[in-house]
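The structure appears right after this line, and notes come after that.
None of the figures in this text is laboratory data; all of them are computed from the coordinates on show. Everything quoted here is computed from the prediction, not taken from an experiment. Please note: Cβ atoms are built from the backbone with ideal geometry, for glycine as well, and neighbour counts cover all protein chains shown.
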Amino acid sequence: MNYRVATILASASAVALAAPVAAQDNAAFTGPRVEALVGYDASRPGSSEDIDNADDIDQSIDDVAYGAAIGYDFAAGGLVVGVEAEYLESEAKTEYDTAAFDGFGVSNIETGRDLYVGARVGVLATPSTLVYVKGGYTNAQYNVLATDNETDIGTDFDLDGWRVGAGVEQSFGGNFYAKAEYRYSNYGEGEVEAPSGNESDRFDVDVDRHQVLVGVGYRF
C-alpha cells in the first residue's frame with residue numbers, strides 16, 4: 001500500500017468516524033419541540049409609505065408580544081435544519097385619543113394576531129449552543145378603528161409578507177432549552193375585512209415589523 005492510498009483511506013476513515021460524532025452532537029437540537037415566547041414588538045410604515053405630518057404623530061406602534069410555537073428539527077450533516085409554526089398576540093397600538101380629532105378618517109390602530117410558518121438552519125457554536133438563521137411566510141392582522149366622534153367604524157386588515165431572523169438556542173439538558181431571537185418582517189399585500197364579513201380586493205401595502213423575543217421550550 002503506497003503513501004497516497006494510505007492517506008486516502010485514513011481520510012475516509014476520519015470522515016466516517018466524524019459523521020456519527022456530528023450526529024450525536026446535534027442530538028440535543030433534533031426532534032419535535034414546543035415553546036412559549038415573549039418579547040418586544042414594533043410596527044411602522046415601510047420606506048415607500050412613510051408619511052411626514054405637521055402634528056408629529058408617532059407613526060410606529062410598539063409593546064409586548066407573547067405566544068407559542070411548535071417545530072421539528074433534524075440533523076443534516078453538521079447542520080441542524082428545522083421547520084416551525086408560530087402564533088403571537090401583541091399589545092402594540094396607537095397612544096392618541098381619536099376624540100381629539102374632528103375629521104373622519106383619523107383612526108386608532110391595534111395589532112392583532114401574528115402567524116408565521118417557516119424554516120431555520122443552524123450550526124453548533126458549542127455542544128449545547130445552536131446559532132441559527134430563519135425565514136418564511138407571515139400573516140398579520142391589524143385592527144383599525146376610525147371615527148368622526150359620532151360614528152365608529154372598525155375594520156380588520158389582514159397583511160401577507162415575509163420574515164427573516166437569527167437567534168441563539170441554549171440546551172439545558174433534560175430536553176429543556178431557552179432561546180433569544182431577532183426577526184424582521186415586511187408585509188407587502190393585504191385585504192380589508194369589514195364588520196359585515198365582506199372582504200376587499202387585495203392591495204399593495206408596505207409595513208415593517210421588528211421583534212426581539214426570548215423563549216423557553218421542551219424537546220420531545
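Using θ = phi - 60° and the Karplus curve 6.51 cos²θ - 1.76 cosθ + 1.60, what whole-Hz ³J(HN,Hα) does each residue of the range 206-218 get, with Gly and Pro shown as x?
Listing the rounded values in order: 8, 10, 9, 9, 10, 9, 10, 10, 10, x, 10, x, 9 Hz.
Stretch Phe203-Phe220 to full length: gain in nm at 0.36 nm per residue minus the Cα-Cα span?
On the way: separation 17, 0.36 × 17 = 6.12 nm, distance 4.19 nm.
The Phe203-Phe220 span can extend by a further 1.9 nm.
What number comes out for the charge environment of Gly67, summing +1 per Lys or Arg and -1 per Asp or Glu over other residues with Cβ under 11 Å away? Kindly include the intermediate steps, with their values, before the conclusion.
On the way: positive: Arg113; negative: Glu35, Asp41, Glu86, Glu89, Asp114.
Summing Lys/Arg as +1 and Asp/Glu as -1 gives -4.
Which residues' amide hydrogens lie under 5 Å from the amide hydrogen of Gly46, considering only partners 5 or more residues apart or on another chain, with H built in the peptide plane?
For Gly46, the qualifying residues are Asp206, Val207, Asp208.
Using +1 on the beta carbon of Lys and Arg, -1 on that of Asp and Glu, and nothing else charged, what's the dipole of the range 108-184 about the Cα centre, debye to 20? Each step should come with its number before you reach the end.
Values: 6 positive and 10 negative charges, 165 e Å.
Around 800 debye, computed over the range 108-184.
Ordered by residue, what ³J(HN,Hα) values in Hz, to whole numbers, does the range 133-141 give under the Karplus form 6.51 cos²θ - 1.76 cosθ + 1.60, where θ = phi - 60° and Gly and Pro are x?
Computed from phi, the couplings for the range 133-141 are 10, 8, x, x, 9, 9, 10, 10, 10 Hz.
Once phi is turned into θ = phi - 60°, what whole-Hz ³J(HN,Hα) does the Karplus curve with 6.51, -1.76 and 1.60 give for every residue of the range 36-43, x standing for Gly and Pro?
10, 10, 7, x, 9, 9, 9, 10
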